[in-house]
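Derivation of every value follows stated rules applied to the coordinates shown; laboratory data play no part. Remember, predicted model here, so these are calculated numbers, not experimental data. Cβ: placed from backbone, ideal geometry, glycine included. Neighbour counts: every protein chain shown.
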Amino acid sequence: MSREEMARLGWDACDIIIVTGDAYVDHPSFGMAIIGRLLEAQGFRVGIIAQPDWHSADAFRALGKPRLFFGVAAGNMDSMINRYTADRKKRSDDAYTPGGEAGKRPDRASLVYSQRCREAYREVPIILGGIEASLRRIAHYDYWQDKVRRSILLDARADLLLYGNAERAVVELAHRLASGESIERITDIRGTAFVRRDTPEGWMEIDSTRIDRPGKIDKIVNPYVNTRDLPACELERQSAEAPSDSDEVQLLHIEPGPRQRLDRSHTVIRIPSYEKVSKDPVLYAHASRVLHLETNPGNARALVQLHGDQEVWLNPPPIPLSMEEMDYVFDLSYARVPHPAYGKQEIPAYKMIRFSVNIMRGCFGGCTFCSITEHEGRIIQNRSQESIIREIEEIRDKVPGFTGVISDLGGPTANMYRLACKSREIEAACRKPSCVYPGICHNLNTDHAALTRLYREARKLKGVKKILIASGLRYDLAVEDPEYVRELVTHHVGGYLKIAPEHTERGPLDKMMKPGIGTYDAFKKMFERFSAEAGKDQYLIPYFIAAHPGTTDEDMMNLALWLKRNGFKADQVQAFYPSPMATATAMYHSGRNPLRRLSYKKSTEKVETVKGERQRRLHKAFLRWHDPENWPLLRDALKEMGRADLIGSTEQQLIPERQPDEGYVAPRRKNSQKSARAGKGRLLTQHTGLPPRETTAPRPGKGRNPSASGKAGSGTAQVRRSEANKGKTAPRTGGKGRGQDRPAGRKARRV
C-alpha cells in the first residue's frame, strides 16, 4: 500500500502491482485480497494501489515500476452499477469506500485505471480482471449510454483480460512472465481474452456470424408464357427433346469423402462482428445466445469477434477449482480486517461480511437477469467442511467485535453446496443454461445432507451462539429435501428468511427462467409447518422484480393483486437493471428471446420490454400499491387498461378512489425521519422505516408487529406482512451482534 511498507519488508520493487477501485480489505470476500495473497504465496512481491486518484498518473507511480505487470480491476462491483441506480441516477454512497463516501472511483474504472497505468509505465503489461472486465470481454450493450460498446480489452488498451475465477490463470501467467516469456506469446491460458490478427494455423473456424441463410431462389415464372420458351427451363426443354424409346437407367455413384472430425480444443466460433451487432439488435441477441451456449468448461469452444481490423479472441472458460484448491485459496493468511491506513473509518461492505463465511462459488440456476454464470460458472466449486470450520474458528478468535453470531454461511445461493450432476460425463457434455428450469433436471443431485451436516458441526463450536443463513435460498431445490428445510427453519433463521419468487405470472417468469409461484406456495407451507413445530414465529421475505423484459402492465397488476391478497407490502422497490452480458439484457436491447433460436421472420418470439420512464414508474408503483403517493398513477393506468373495477375501498379492489387527508405522511418518509439515528435499544437497518425490536427475546405473546429485514437486492422489491394479517413478530435470537451485522443494503428510494 505504501513505500514505507515496502521498506519495512526490504523490497526495492514489486513484482506485481494490483490496482483496485475498492478500499483494501484483507478478507477472502474481496477479490483483490484473494489474488494478492495467492500470488504472495507463490513467492511474488505484490503491491496494492487502492482507490487511486485517477486525475493524473502520479498515484499509479506510488509503488514504483512493477517487474512483471499491473493487475487492474474496478473492484467487487461493476463501477457503473456501483455508481448509478437502475434509473441512471447517481448514488449517494459507496459501500466499498471508507465512510461510505461516493465518488472515490471513476466511471468505467477498469478502463480509466488501465490508461493511467500505461501513462505511468508504458512498457509494463496491463492485465484486466474482476467482474467489470469479465462481463465486458466482448461487444456488450451499455445501459448507461444505451448503445453497444466495444470489448473493454480494446478500449482499455490492455494486453490480456482474465475472466471468471482467475486464480489458476493468474498464477500461470505470473510464472510464465517471470520466466521471461513475452506477454504477446501467452495466448493459450483458459479464461483469457486477447487481441490477435487472424486465426492461427491448425484451428477449425465455425462461422456463426449470420442468423438466416437464404437458400436458392428460383426465378418467378410468368404464368402466361410457355415455360419451354424460357431460358430458366433449359433442363426441362432438353428433357422433352431427348429420345423416349430408351428404358436404360443411369445409376449415379457418389463417393463420400472422409468426414473431418472437429477437435473442440482447436475449434473457434466466429460470432458477428462489433460493427454488425452495434447496428443490428437481433444479431446482438444471436451473439449473446452463442456466448451463453459456450460457458460449460467441459465442452466450450473458443470464440472470436472482429472489431475493425482486430480480432478479440476468447479462450474457453477456466476449469473449476477442485475442493483442495478452494481450501488452499481460502486458508491463506488473511488479516480479515481493513488496511490500517483507514484508521477507525468504517467500510460498509466489510461490516456486512466480517462475520460471514463463503462456502462455495458458482450457480446453476441460470436466472437471465443475473451474470453469475458468466463470471463464476454454473458448476459449483465447494470448500471442505474442515476448511469452513477452520474459518469460523478464526473469526471467533481473531476478528474484533465478534459476539458469537456468524451472519451467513453461503455464497451466490444459500443451498447449492455440494450439489452437482450425478454423472461427470453428462455434466461435461451438457449445454443447458440451467439445471433447474423449466424443472429440476433428473440428473441433478438435490441431496442437502452435506450442507445439513455442516450446519450441525458449525453449531457445536465453542463460542458460537448462532449460525444465520443470509444468502438467498433456492426454495425449489430446498423442497426436494424436507430434512434440510427442517434444519434450516429450526436453527438458522433469525426471524426472517429471504427468498426470491421474482414474480407471480408465467410470462415474466419464463423470461427469467424461474419456477412458478406454486413452488413458492409449497415451500411456504413447509416453512410455516416447521416453524410451528419449533415454536417460532418466523416470516418469509420475498423479493420481486419490476419492469423485467417480458413483463406487461397486466402482469404487474396481477402481481399487485397477489401481494394485497397475501398481505404483503413492499418496503423497497427497484426496476430491472440491465447489467452487461446478462441474457435478460440482450432481451431488453433486442426485443427478442435469445433462449430460443433467433430469426428475422415475423414468427420469431418478440419480448415485451419496459423502457419508458412512465412505464417503469408504473411497474414499480404496482409493487408499492399500498403507498398513497402511487395511487394517482395507478388510477390512471387501471382506467387505461379497462380495469377501473379495481378502484374502490373493498378488499377485492386494489386502491381507493380518493387520496388520504392532507395531514397524511407516507409510512416510509415518516419512519425514515424517526430512524435517522440509532439509540439505546434501536438498530439501524437497510429498511429505514423498520421499527426497533427488542434486544432480547420477548416473552410469548409480547411480540411486536412484523416488518421486513434482509439484504436489499438490485432490481428487487422486499415485502413484509401487513399488520392487519399478522399480529406479532419473530422473537429476536442470536444475541447482541445479529442486527448490527446483517447485510446493510441501501436506504429505500422513492418510487
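A few remarks follow.
- Of all aspartates and glutamates in the structure, the ones whose alpha carbon falls short of 12 Å from that of K104, not counting any fewer than 8 places away in one chain, are D22, D53, D93, D94.
- For the residue pairs K276/K620; K460/K536; K462/K498; K432/K514, the alpha carbons lie more than 23 Å apart in K276/K620; K462/K498.
- Compactness relative to 2.2 N^0.38 Å, alpha carbon Rg of the stretch 388-470: 1.41
- Per-residue Cβ neighbour rank within 10 angstrom, fewest leading, R61, R185, R361, R301: R185, R61, R301, R361
- Charged neighbours of P482, selected by a Cβ distance under 14 Å, balance to -4 (K, R count +1; D, E count -1).
- Sparse packing (at most 15 other Cβ atoms within 10 Å of the Cβ) combined with a DSSP loop state is found for the following trypsin sites (Lys or Arg not before Pro) in the stretch 131-164: R157.
- Segment D146-D58, extension gain: residue separation times 0.36 nm, minus the distance between their alpha carbons: 28.4 nm
- Under the simplified labelling scheme, the R506-L332 pair shows an inter-label distance of 4.9 nm, with each label point 7 Å from Cα along Cα→Cβ.
- Proxy reagent accessibility, fewest Cβ within 10 Å first, across S384, S182, S579: S182, S384, S579
- Per residue, the convex hull spanned by the alpha carbons of the stretch 77-140 comes to 106 Å³.
- Stretchable slack from S182 to K90, in nm (0.36 nm times residue separation minus alpha-carbon distance): 28.9 nm
- Residues whose amide H comes within less than 5 Å of that of D142, counting only those at least five positions distant or on another chain, are K147, V148, R149 (H built at 1.01 Å from N in the peptide plane).
- Efficiency of FRET from Cβ geometry, D645 and E528, R₀ 35 Å, rounded to 0.05: 0.60
- Between R459 and E40, the contour length at 0.36 nm per residue exceeds the alpha carbon distance by 147.5 nm.
- Burial ordering of C14, C441, fewest other beta-carbon atoms within 10 Å first: C441, C14
- Cα gyration tensor shape of the stretch 1-114, rounded if a/c is under 1.5, else prolate or oblate by comparing a/b with b/c: prolate
- Restricting the trypsin sites (Lys or Arg not before Pro) of the stretch 401-508 to loop positions (DSSP other than H, G, I, E, B) with no more than 10 neighbouring Cβ atoms within 10 Å leaves K460, K462.
- Whole-number Å³ per residue for the convex hull built on Cα positions in the stretch 502-632: 134 Å³
- Each Lys and Arg Cβ is given +1 and each Asp and Glu Cβ -1; about its Cα centre, the stretch 3-194 then shows a dipole of about 400 debye.
- Computed over the stretch 3-194, Kirkwood Rh from alpha-carbon pairs, angstrom: 16.9 Å
- Of the GluC sites (Glu not before Pro) in the stretch 53-133, those whose Cβ has at most 13 other Cβ within 10 Å and which sit in DSSP loop: E123
- Cα gyration tensor shape for the stretch 299-456, rounded if a/c is under 1.5, else prolate or oblate: oblate
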